[in-house]
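Since the structure comes first, as structure tokens, the remarks are kept for the end.
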Amino acid sequence: MESHQEDVATTEGLRLARQRAHALIAKSPADAVRSVFDLMENLPEVERLRPSEVGLVLVRGRVGGEGERFNLGELPVARAALRIPEGPVGVGYVAGRNRDHAELAALADAMVQADVWRDRLEEGVLAPLAAGLAERKADTGRKAAATKVDFFTMVRTRGEK
Amino acid sequence: MAYVSVKGGERAISNAHQWLDEMRRGDASVPELTVEQIRHQMSLAVDRVMMEGSCYDPELAALAIKQARGDVTEAIFLVRAYRTTLQRFGATEPIKTPEMAVQRRVSAAFKDIPGGQILGPTFDYTHRLLNFDLCDAGPAGVAVKATEPVVEKMPTIASVFAHESLLEQTAAESDDAPEPYDLTREPMAFPAGRDQRLQALARGDEGFLLSLAYASQRGWGSTHPLCGEIRMGDVTVEFTPEELGFPIEIGEIVVTECQMISNFEGSADKPPQFTFGYGLTFGHNERKAMSMAIVDRALRHKEVGENGVHAVQDEEFVLYHSDNVEASGFVQHLKLPHYVDFQAQLQFVRRLCKEWREAREAATPDAGEFAEAAE
């Protein structure tokens, strides 16, 4: 596993690394996230900064997908904030009402900011989740592709006169 | 007149609720439905409850359907009530439907739409014959998989014809545009902007919108629509938490989107072109998305200089009556005690009758004697 230290040398790089971790944790099923974390040999001690909680976000759409914004409806979200001994504060927001899922997102967010944890997180958590996501996405995409219509046109020609 | 409080009925109510619980469970010798079963096997009912309940939570919607004995409107009410118990963290970035991972994508207007016609899991083309195999444990359905997945981003019908300006171009929003209207925080106001109308339609009753759309198609507010594009699939939801200050992806949701195309004959300012009606719903619900798109287009009649003489074009009529929680509440509140109203009306009608008889007697004394004899 190559090191990700260089990628996070800049503020921009670190932000991208955090966004990737957030996306992978949030888009993976809570039980899949829990099981990859459970397989980790050791994890940082965590200190919760506030009770993890469930609330709502208002989902917005755009007219025609790209025009004026409008409010579509709400989505429950769990959130958590915690600190690890190495210093960084991790924040987690995931769709759904699973506080454990949000705490794991916060833990990943803290770990990706800590040099001692970043590579271990990548190897133990993010890489397997990315593989799982890609597989599920490809699976759905292949089912959809199987229902693609192949049009054919009956070319009617008159026989030679 | 003062209100008179009437107490009583607590025991009757409590017992009625217990009987309701027994009824909900049904025959105790039949295994009980689980919320998981409803969520996965009644998924289209779940999708409808999520959209009209205005809360994307399949598990809660399934629970609501179970508790409501399958009464979808009642389940929507339960979800709406639950929603009010949670605080709001904020609003998401707008979802990007052009980037949807499509499970289904069809255009009825343009056969050769780039990316192709992807039928997805649809009831269309089924024969609507009851499948008695499902009386027992049904055959396990297995989807066929192609070797390669569909392309990641399907171009939208609007983008395909963008170079010709034959189709209405959706104006991009400026950065200083005001926050979209939020019906959950602000009361209905008229004239309504398209943002307010679309939010109301998205939460609106599927049946009401379907009937309005149907009426519009049949001539009561003609829109002559063609289905430009329907797509259903997963979109990513992005949110910017205050603590972070940058957007993060917080999950994926399934949505259905519909672009309806209608002719516009042009005006002094605009050349003739096709105009769009837009529909967007949580979950897989094409009937709702299509109806919403037709009604959205009908409500835009002023923009294209059409006469607004039909119900579907009247935004006050449509928006005030599309919410089934409000509609159901107002219709069904009539079965709660109205004893005092009735008492007042009774006295009033009695007095009117008495005056009517007296007037008749005064005019024709014989009729009065006849009435008394009959008594």
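General remarks:
- Looking across the range B:163-177, the residues that are under 30 Å from residue B:272 (Cα atoms) and open to solvent by 40 Å² or more (accessible area, probe 1.4 Å) come down to B:163, B:164, B:165, B:166, B:169, B:170, B:171, B:172, B:173, B:174, B:175.
- Residue match in the range B:233-245 (condition: among the aliphatic types (A, V, I, L, M), open to solvent by less than 50 Å² (accessible area, probe 1.4 Å) and closer than 29 Å to residue B:309 by Cα): no
- Some residue of the range B:153-165 being small (Gly, Ala, Ser) and at positive phi: yes
- Single match in A:18, A:34 (criterion: touching an Asp or Glu at 6+ places or on another chain (Cβ under 7 Å) and more than 13 Å from chain B (Cβ to nearest Cβ)): A:34
- Residue match in the range A:125-146 (condition: more than 14 Å from every other protein chain (Cβ to nearest Cβ) and either free of Cβ contacts under 8 Å to residues at least 12 places away in the same chain or over 23 Å from the mean Cα position of the chain (by Cα) (or both)): yes
- Annotation: residue B:218 fulfils all but one of (1) more than 14 Å from chain A (Cβ to nearest Cβ); (2) touching a helix residue (DSSP H, G or I) at 6+ places or on another chain (Cβ under 8 Å); the unmet one is (2).
- Condition check for residue B:211: within 22 Å of the chain's Cα centre (by Cα), without any contact (Cβ under 8 Å) to a residue 12 or more places away in the chain and outside the structural domain of residue B:48 (by TED's automatic domain parsing): yes
- Per the listing B:113, B:157, B:118, the residue uniquely touching a helix residue (DSSP H, G or I) at 6+ places or on another chain (Cβ under 8 Å), closer than 26 Å to residue B:265 by Cα and surrounded by 10 or more Cβ atoms within 10 Å (Cβ to Cβ) is B:113.
- Residue A:120 vs. criteria closer than 21 Å to residue B:242 by Cα and open to solvent by 10 Å² or more (accessible area, probe 1.4 Å): no
- Counting the residues of the range B:12-55 that are of a type outside the set (S, T, N, Q), within 25 Å of residue B:323 (Cβ to Cβ) and in a loop (DSSP other than H, G, I, E, B) gives 2.
- Any hit, the range A:53-60, residues being out of contact with any Ser or Thr (no Cβ under 8 Å at 6 or more places or on another chain) and within 30 Å of residue A:135 (Cβ to Cβ): yes
- Selected residue (criterion: farthest from residue B:83 (Cα to Cα)) from residues of the range B:194-219 that are hydroxyl-bearing (Ser, Thr, Tyr) and surrounded by fewer than 16 Cβ atoms within 10 Å (Cβ to Cβ): B:214
- Among residues of the range B:74-92, those that are within 24 Å of residue A:68 (Cα to Cα) and buried (at least 17 other Cβ atoms within 10 Å of the Cβ), counted: 3
- When residues of the range B:302-351 are limited to those that are among the hydroxyl-bearing types (Ser, Thr, Tyr) and open to solvent by 60 Å² or more (accessible area, probe 1.4 Å), the one modelled with the lowest pLDDT: B:339
- Any hit, the range B:158-165, residues being within 9 Å of another protein chain (Cβ to nearest Cβ) and touching a residue at least 60 places away in the same chain (Cβ under 8 Å): yes
Residues checked against (1) without any contact (Cβ under 8 Å) to a residue 24 or more places away in the chain; (2) open to solvent by 20 Å² or more (accessible area, probe 1.4 Å):
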{"position": "A:12", "(1), (2)": "yes, yes"}
{"position": "A:35", "(1), (2)": "yes, yes"}
{"position": "A:49", "(1), (2)": "no, yes"}
{"position": "A:62", "(1), (2)": "yes, yes"}
{"position": "A:67", "(1), (2)": "yes, no"}
{"position": "A:70", "(1), (2)": "yes, no"}
{"position": "A:85", "(1), (2)": "no, yes"}
{"position": "A:103", "(1), (2)": "no, yes"}
{"position": "A:106", "(1), (2)": "no, no"}
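- From the options A:89, A:112, residue that is open to solvent by less than 60 Å² (accessible area, probe 1.4 Å) and facing chain B (nearest Cβ under 10 Å): A:89
- Taking each residue of the range B:97-121 that is more than 7 Å from chain A (Cβ to nearest Cβ) and looking for partners that are of a type in the set (Lys, Arg) and open to solvent by 10 Å² or more (accessible area, probe 1.4 Å) with beta-carbon atoms closer than 6 Å, six or more apart or interchain, yields B:99/B:153.
- There is no residue in the range B:75-97 that is farther than 29 Å from residue A:78 by Cβ and in a loop (DSSP other than H, G, I, E, B).
- Which listed residue, of B:225, B:271, B:187, B:191, is in contact with a helix residue (DSSP H, G or I) (Cβ under 9 Å, 6 or more places away or on another chain), at pLDDT below 95 and either surrounded by fewer than 15 Cβ atoms within 10 Å (Cβ to Cβ) or more than 10 Å from chain A (Cβ to nearest Cβ) (or both): B:225
- Among (1) part of a loop (DSSP other than H, G, I, E, B); (2) more than 10 Å from chain A (Cβ to nearest Cβ), the one test that residue B:172 misses: (2)
The values are calculated or read from the model by the stated rules, or taken from the named source; none is laboratory data. As the structure is a prediction and not an experimental result, all values here were calculated from the model. Note that each Cβ is placed from the backbone with ideal geometry, even for glycine, and that neighbours are counted across all protein chains shown. For accessibility, only protein heavy atoms count, side chains too; no ligands or nucleic acids. Shrake-Rupley method; radii C 1.70, N 1.55, O 1.52, S 1.80 Å.
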